[in-house]
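Encoded as structure tokens, the structure appears first; notes follow it.
What follows draws every value from the coordinates through simple rules; no lab data is involved. As the structure is a prediction and not an experimental result, all values here were calculated from the model. Cβ atoms come from the backbone with ideal geometry, glycine included; neighbour counts cover every protein chain shown.
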Ligand code: ATP
Ligand code: MG
């Protein structure tokens, strides 16, 4: 008797530009993976929420129903949103940020390492690729992106604007605990906490306090230290091997993770997971790059960050039961990046997105 595979419901939001191209590629890889594996199946529901449709409909997500719609799914797979015809803050607040906030996705996880076949700029500094293996834990619900503030003195030339960062004890403590648990689960068991508590003397000092409190509980289990964000950028470049898990605020981690992705070779390979650790809402998985209008429509974008994000989604959905499948997916990805013939332009190759996608599907079929 054939065993019944668990079926996970996925909401796919391809979005704009290369977001749609890499989502298409990732869905093909996921389809091949689920066909090759007897461990799971996917039921994918594609949502046409994009900037082009915003311009004709006036909304990114259907105003009254989007939350219920998303909550019908076990996970959300997201490409990218943003297009030159719509101001960035409109597109970001039209879709990404409301989803993160409403779906309780208070953790953003960004693993970074030097994949097989990437030319990381750090090699010029005599660092070994294996020296760069980090996971950045970004606070995803408050801080500098809380959306608080306003403008006054209407006339543009005399306008006053405030942008208020919100930090709560609850918000800091839950991200800190998640970061310590992540560090504990990794071989090196090291956590670095990043703030700017010398200049920002309220919220950042609260971060320091909560960090010290939680660190006590992990004494002897996780080695931890703290850095100011400016000094951290220098340490990431000069002493990458001294870092493992990194936790920082919404803004700081946003910036540090772009730096991390660049140090690892290309922003085209980096994944991110927006997690609701309580699992009361669907978590969301997306490559960290944006819609890249400069290369959109040419079929040359790198789908590897989208593949890696898809692998993270499989791991999350499985709650431990799909780790082997996710590992095989990752192995397939590194076999593809390891072959010069299946690398895209940003990785120094000439392959098209479709060729990389065909290669990952073949490799998945071979391995799984
Ligand atoms: P956002 O505002 O969402 O961050 P952006 O358009 O400012 O988006 P990205 O799309 O993240 O910036 O990318 C910046 C540049 O990096 C792109 O213009 C493109 O040249 C390159 N790039 C990004 N992602 C990829 C990819 N997957 N493959 C190849 N090149 C990429
Ligand atoms: Mg950008």
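Here is how the numbers come out for the structure above:
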item: Sorted peptide list for 225-238, 14-27, 324-337, 77-90, criterion being average Cβ within 10 angstrom, highest first; result: 14-27, 324-337, 77-90, 225-238
item: Point-to-point label distance, residue 188-residue 208, nm (Cα→Cβ direction, 7 Å offset); result: 2.5 nm
item: Fully extended contour minus Cα-Cα distance, from residue 294 to residue 4, at 0.36 nm per residue; result: 99.9 nm
item: For the chain, fraction of C-alpha pairs farther apart than 28 Å, in %; result: 46 percent
item: Fraction of antiparallel bridges per DSSP, the chain only, in percent to nearest 5; result: 45 percent
item: Spread of Cα-to-Cα distances over 5 Å intervals beginning at zero, given as percent, for the range 120-264; result: 2, 9, 18, 20, 18, 12, 9, 5, 3, 2, 1, 0
item: Spatial separation of Cα centroids for the range 276-306 and the range 81-137, in angstrom; result: 9 Å
